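Read the structure below first, then the notes.
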Amino acid sequence: MTRVKINELKPLKPRYEVPDVLIQEPPTEPLSLLSQDENGVVLSLGAESQRVIVSARPFRLDIMEGHEVLMSLNSRGLLAFEHLRTRKDTFSYKVTSTVASVWDNIKWVFSSSQADPDAEKKEEADPANQADEAEVEEKVEEGMWEETFKSHSDGKPNGPSAVSLDFSLPGVEHVYGIPEHADTLKLKTTDGDPYRLYNLDVFQYELYNPMALYGAVPVMLAHNSQRTTGIFWLNAAETWVDISSNTAGKTVFGKMLDYVQGSSETPQTDVRWISESGIIDVFVMLGPTPQDVFSQYASLTGTQAFPPLSALAYHQCRWNYNDQEDVQSVDAGFDQHDIPYDFIWLDIEHTDGKRYFTWDPHKFATPKEMLRGLMDKRRKMVAIVDPHIKVDTNYKIHNEIRSRGFYIKNKDGGDYEGWCWPGNAGYPDFTNPEMRTWWASMFAYDQYEGSMENLYTWNDMNEPSVFNGPEVTMHKDAVHGAVEHRDLHNLYGFYVQMATAEGLIQRSGGVERPFVLTRAFFAGSQRYGAVWTGDNAAEWDHLKVSIPMCLSLSLVGISLCGADVGGFFKTPSSELLVRWYQTGAYQPFFRAHAHLDTPRREPWLFGPENTALIREAVRQRYALLPYWYQLFYHAQRTGHPVMRPLWVEYPQDPATFAMDDQFLLGKDLLVHPVTEEGARGVTAYLPGKGEVWFDVHTFQKHNGAQNLYIPVTMSSIPVFQRGGSIIPRKVRVRRSSACMEHDPYTLYVALNPQRTAEGELYIDDGHTFNFNKKEFIHRRLSFANSILSSINLAPEAQFSTQSWIERILILGASKPSKVTLLTDGQERQLEFEFDASMSVLTLRKPGVNAGADWTVTLQ
Amino acid sequence: MRCHIVIAAVFWSVCVDSRKIRGISLSYKRFYRERKSFLCIDGSKMIPFEHVNDDYCDCEDGSDEPGTAACPGGRFYCTNLGFRPHYIQSSRVNDGICDCCDASDEYNSHTHCPNSCSNLGQRERADVQGQMRTLDEGLRLKQQLIEEGVLLWREKQAQLRDLQQVAEDLQIKLEEHRRRKREADRLKEQTLKALETANGGLRRQNSTVTSMFQILDSNKDGSLTVDEVQANVAFIQDEERVLSEEEAVALLGGGHQMDLSMFQHTLWNSLRTGDSVKIKGPHGAPGSLVEDDPNMKAAERAAQREASSLKKVEEAYETANMEISDLRMKLTIDYGTDWEFLFLNSQCYQLKVYEYTYVLCPFNQVTQKSAVGTEVSLGKWGMWAGTPENQYSQMRYESGEPCWQGPTRNTMVTLTCGTETALRSVKEPSKCQYIMDFQTPVACQPVLKQRGIHSEL
């Protein structure tokens, strides 16, 4: 990894450097000087044959491996750094040319993985160079010192302060990431309309569009068949990303012609990043595999928080469940219709006049009684807590924030106020650590009246949303201590979720894992909980785009992603609703939600047939929870995404590079949801030459590396298990995930053509941090030479479970004459059934504890 | 052979029938008589008897695991001695939640379930007794209301007949009054004409024409100009406003000036009728002299008197007709087979829920009044919308006030049996879709014998 950091040498005031996003200051590693001349240096980047060539005039930086250029910085000379300045009364004044002098003022740091203070290499300004600079007259352009947008004005005390840098990616045609945009997985060339990163509360967002949405992760991945790399632009100000490509617009025929004629031009993607303020601080992640890039990025910003198991189950939400009786009747409805759910959600109307941390005195008069009722069913609740605070001297939260001076200030020094749900509202300064500590303390059971341990939190509107602000957000010249809002805008939501998650951890004395959903986010938000794609709509295209939107988030570390099932705005047809449940059941965060103005849409309101279809989709989710949980355990450990684009697992198969109508869960399940109205069939691409895939419903085997047409009915959810994998399920689906805690496992062993398979089983208590204290079971399941065995992957860990192995299905098996189980020195024979038509061998009741060592031998 | 099997069966039932199979009802016991093997109840598979309730699902229909959670879609029988027995989904066995009041579903979980069957049984018996009392009382009240309804129906019919009679009478009266008014008008006209003839109306008229012309002709040049018209003439509706040049030109017959003879044929007529323009200031209408005549005055008074009495009769007739159509409309509504719902007509029932007061006026409308007093219509009477078996179990009120960005408000009222007639609850499950629970004796339906309390085992 290479970090390039460029700052002003002597700025008028310190330029903002994003804090708290990196989990630690990355250790540095000494660079050895390979060669040097008057215009540059060649440095070795550690172990591999990777070098960085730094050229002075013009400044550029090329990262090489062998003879291959992996990435070039400033090869197009778009480096720009607008320095801070004081306003002069005259209309023009003399300054040194920005473009040329940037070089004089750079300071860069290369870092890879080892600490060494000597590695920091400072290029001090060279006076000889400076003498060459022609003094040019800088024109005062409109908007330099003040900008107006509609009726809003933005004062800029230090003038324009943008930074920009370009990156060239030779050999790259596919770039991904930089969420959040409602766009395809593969980013498009932008042609003058760049992707924008600026957290905004967008009303009814448009699809396939580079416009900014609720969150921003300034991380881009670049991929070709040989290598995956990444760029992390650590800047929290408004940011724009321009993408161009020398192959864009070329037809397939044109590309083929190039190939046939041996065109010398290699494909290349050029990217330019521009931020309104802050510094240039960029991490270049060199892979080479996608997994390497994930690990490299995780080493910077951390991994996905390990959610409580129940958070991976089904969530029932609506704006709003009207009162306690309503909550109770919806809860009863799920039992009556035998549909499992774990969380019921309360939106803003549950509060006393949109004062968060309070309850409507009539509609939710006895919240603990309600929460106890849910607890009796082993279910949970999420209540919304937004960051805008009603300005009301009878409201404790407001009074405390005001008296402690915790509100964000306007440019004139008063408390910044804007309009949001409660009317006039203040915005706590979550960038202030004291404020965050205080906020976290508000979640204590004795502070948040009516809260209990099965109440969790949802942070909405944390872009922040300001109804009467420019673009429905905060004025850029609002002030956080000494820092302008413009410098850290995209970080606000990150901090809100951070403080809230901390509150939920603290209220349990650090024992229980929190669950917090956020709408706004930044790089590193994965450490604090879940993200959803905001206020989507009940339209088929919104269902489709939920896949690339969550894939893009997954690629940049945020695995716990979901879209509102059914669509937030508008009313879904029952077909769309069913298809959305079927899709959502296989996406990480599975929550149905609906707008206040739409008719009710609990799963049983669309006739018995649709109720049955939805029930089946939700049940499939619950049965698969052990696998989901295991994937999130790994995401937490390694930073590898849970929901993956196909190319991540098949990086050399160009057919997968732009695919975003299907995805993988882990590496073993391939999901191709039906997202077309009136679909009679879908064509799924099963990757992997020489591999096989098993339909998880019929167990039919299909060969890899083919486009498979699958006829579908309303009940179809095309899902395939990779041959060579073992997936655990709990098929006794009950009312909530907690009810299934002690249930036995069924193992689905899908054999590859070599007749082997591997999988894992991860078990812990499902809700505490005790897994950090080695209280878990982690086993490797492997099948080879007709022997299936369970081996302890974590012998140092301790946990006991009541769960046992109920059944083992071996897909693609042949009929054995005898099956024996060996455990604890005892051998016994297992009964089995063999379905010759699908080659499925079912072993009856091995009965061994899921944490035990055992082997099963087929003879 | 057959004989042999029967003997074997008897033998087994005698010897080992005492073993209890968990989770089955008495009536299913015959499927679980202990033998070497067990036939799934759907007949699909034969399994060793030890596999019954061994916590592994063997039968497609779940019949081998009536007492465990092993089979998806299976069911567990709660005996619930002292209360009602019932089935629960097998997924609720040992899930840590007490479902059977006899605690039999949580025989292997960490949850301690108390046996609450006798309490529940008592409570249910009390409830059922209460319900039965309510039902008896309700049905008695309903009978009264039916009788009242029939009377009310007759009364309304009589009222309709009366109203129709009144209307007929009024119609006759109306014709008489119309005739009398025509007569009075004719008399007035005659008087006016006679007066004009007798007074040499034409001369007077001419002299009046002349004098009026002179008033208007400020500079006395024998010709009226635009300026003079603007200075002296005004619209009746808006005296203050000065006429525009176009308006003045129009009054001058399209030209910029006019002489006396032209005046007599154009502007004079307008001024004399006095319905659009008039002379500014104290000059008044040109025909005022005629009105001073006592005969004329008497004739006008008579005409006015007749006009106003005609109006009164007309109004009375209209009112009567409106009442008739109103009543007819009401009588076309379906008030139930025995007119038992008729008494609800013209009644209103209200209920306060949080900050709103809801008012249900059956067969008319539903409204919502907020604390600050704004009233919103939640729907007008639409139709009966109950089940095919009992269409009178629900009422639908529709086309209330439109919602912001949405459809119009509507309300579904469910009628339940009770001894009083009252609005019991109001909910708004989705925006602008209201549901009400309305209790009334007339919703009570006679039922066959209430299901008894379980006494099996």
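The values are calculated or read from the model by the stated rules, or taken from the named source; none is laboratory data. Model, not experiment: these values are computed from the prediction. Using ideal geometry, Cβ is built from the backbone for each residue, glycine included, and neighbour counts are taken over all protein chains shown. These accessible areas exclude ligands, DNA and RNA; they are computed on the full protein's heavy atoms, side chains included. Shrake-Rupley method; radii C 1.70, N 1.55, O 1.52, S 1.80 Å.
Below, the figures for the structure above:
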read-out	value
Top-ranked residue of the range A:569-587 - restricted to ones that are of a type in the set (A, V, I, L, M, F, W, C) and away from chain B (no Cβ under 14 Å), ranked as surrounded by the most Cβ atoms within 10 Å (Cβ to Cβ)	A:TRP580
Residue list for the range A:49-67, filter: at pLDDT 90 or above and closer than 19 Å to A:MET1 by Cα	A:ARG51, A:VAL52, A:ILE53, A:VAL54, A:ARG60, A:LEU61, A:ASP62, A:ILE63, A:MET64, A:GLU65
Residue check, A:ARG755 outside any loop (DSSP other than H, G, I, E, B), open to solvent by 30 Å² or more (accessible area, probe 1.4 Å) and out of contact with any helix residue (DSSP H, G or I) (no Cβ under 6 Å at 6 or more places or on another chain)	no
Residue that is in contact (Cβ under 8 Å) with a residue 24 or more places away in the chain and within 21 Å of A:LYS150 (Cβ to Cβ), where the choices are A:PRO464, A:PRO422, A:PRO428	A:PRO464
Test: residue in the range A:714-730 that is within 14 Å of chain B (Cβ to nearest Cβ) and either touching a helix residue (DSSP H, G or I) at 6+ places or on another chain (Cβ under 6 Å) or assigned to a strand (DSSP E or B) (or both)	yes
Meets criteria (more than 41 Å from the chain's Cα centre (by Cα), closer than 25 Å to B:ASP55 by Cβ and assigned to a helix (DSSP H, G or I)) for B:SER118	no
Candidate set: the range A:318-328, residues that are open to solvent by 20 Å² or more (accessible area, probe 1.4 Å) and touching a Phe, Trp or Tyr at 6+ places or on another chain (Cβ under 9 Å); chosen: the one farthest from the other protein chains (Cβ to nearest Cβ)	A:GLN324
Index of the failed condition, B:GLN368 passing every other in (1) closer than 29 Å to A:GLN328 by Cβ; (2) within 14 Å of another protein chain (Cβ to nearest Cβ)	(2)
Hits in the range B:397-413 - residues which are surrounded by fewer than 18 Cβ atoms within 10 Å (Cβ to Cβ) and more than 14 Å from chain A (Cβ to nearest Cβ)	B:SER399, B:GLU401
Condition met for A:ASN785 (closer than 25 Å to A:TYR633 by Cα, among the polar types (S, T, N, Q) and open to solvent by 20 Å² or more (accessible area, probe 1.4 Å))	no
Members of the range B:90-125 found to be surrounded by fewer than 19 Cβ atoms within 10 Å (Cβ to Cβ), within 13 Å of another protein chain (Cβ to nearest Cβ) and polar (S, T, N, Q), listed by number	B:ASN108, B:SER109, B:THR111
Selection status of A:LYS390, in contact with a Lys or Arg (Cβ under 7 Å, 6 or more places away or on another chain), more than 30 Å from A:PRO218 (Cβ to Cβ), within 14 Å of another protein chain (Cβ to nearest Cβ) and not β-branched (Val, Ile, Thr)	no
Residue in the range A:588-609 that is away from chain B (no Cβ under 14 Å) and polar (S, T, N, Q) present	no
Tally of residues being crowded, with 20+ Cβ neighbours inside 10 Å and not polar (S, T, N, Q) across the range A:64-79	4
Residue that is most open to solvent (accessible area, probe 1.4 Å) [pool: residues in the range B:33-71 that are without any contact (Cβ under 8 Å) to a residue 12 or more places away in the chain and not acidic (Asp, Glu)]	B:MET46
Exclusive hit being of a type outside the set (D, E, K, R), surrounded by fewer than 18 Cβ atoms within 10 Å (Cβ to Cβ) and at pLDDT 95 or above, set A:ALA794, A:ALA813	A:ALA794
Residue identified as of a type in the set (S, T, N, Q), in contact with a strand residue (DSSP E or B) (Cβ under 8 Å, 6 or more places away or on another chain) and modelled with pLDDT under 85 among B:SER276, B:SER370, B:SER377	B:SER276
Boolean, A:GLN296 is at pLDDT 95 or above and either surrounded by fewer than 16 Cβ atoms within 10 Å (Cβ to Cβ) or within 30 Å of A:ASP764 (Cβ to Cβ) (or both)	yes
Lone unmet requirement of (1) within 13 Å of chain A (Cβ to nearest Cβ); (2) more than 20 Å from A:ALA594 (Cβ to Cβ); (3) of a type in the set (Asp, Glu) for B:GLU389	(1)
Residues of the range B:317-362 satisfying the condition of being touching a residue at least 12 places away in the same chain (Cβ under 8 Å) and in a strand (DSSP E or B)	B:TYR349, B:GLN350, B:LEU351, B:VAL353, B:TYR356, B:THR357, B:TYR358, B:LEU360, B:CYS361
Qualifying residue in the range B:423-430 (condition: at the interface with chain A (Cβ under 9 Å from one of its Cβ atoms), open to solvent by 20 Å² or more (accessible area, probe 1.4 Å) and touching a Cys at 6+ places or on another chain (Cβ under 9 Å))	no
Matching residues in the range A:154-173 - criterion: being in contact with a helix residue (DSSP H, G or I) (Cβ under 9 Å, 6 or more places away or on another chain) and among the hydroxyl-bearing types (Ser, Thr, Tyr)	A:SER161
B:ASP227 vs. criteria closer than 30 Å to B:ASP259 by Cβ and either in contact with a helix residue (DSSP H, G or I) (Cβ under 8 Å, 6 or more places away or on another chain) or open to solvent by 80 Å² or more (accessible area, probe 1.4 Å) (or both)	yes
Output for the range A:19-37, where each listed residue is in contact with an Asp or Glu (Cβ under 7 Å, 6 or more places away or on another chain) and either more than 25 Å from A:GLN291 (Cβ to Cβ) or of a type outside the set (Asp, Glu) (or both)	A:THR28, A:PRO30
Residues of the range A:367-381 classified as away from every other protein chain (no Cβ under 11 Å), crowded, with 21+ Cβ neighbours inside 10 Å and of a type in the set (D, E, K, R), total	1
Test for A:ASP765: is it within 14 Å of chain B (Cβ to nearest Cβ), outside any strand (DSSP E or B) and either of a type in the set (A, V, I, L, M) or open to solvent by less than 30 Å² (accessible area, probe 1.4 Å) (or both)	no
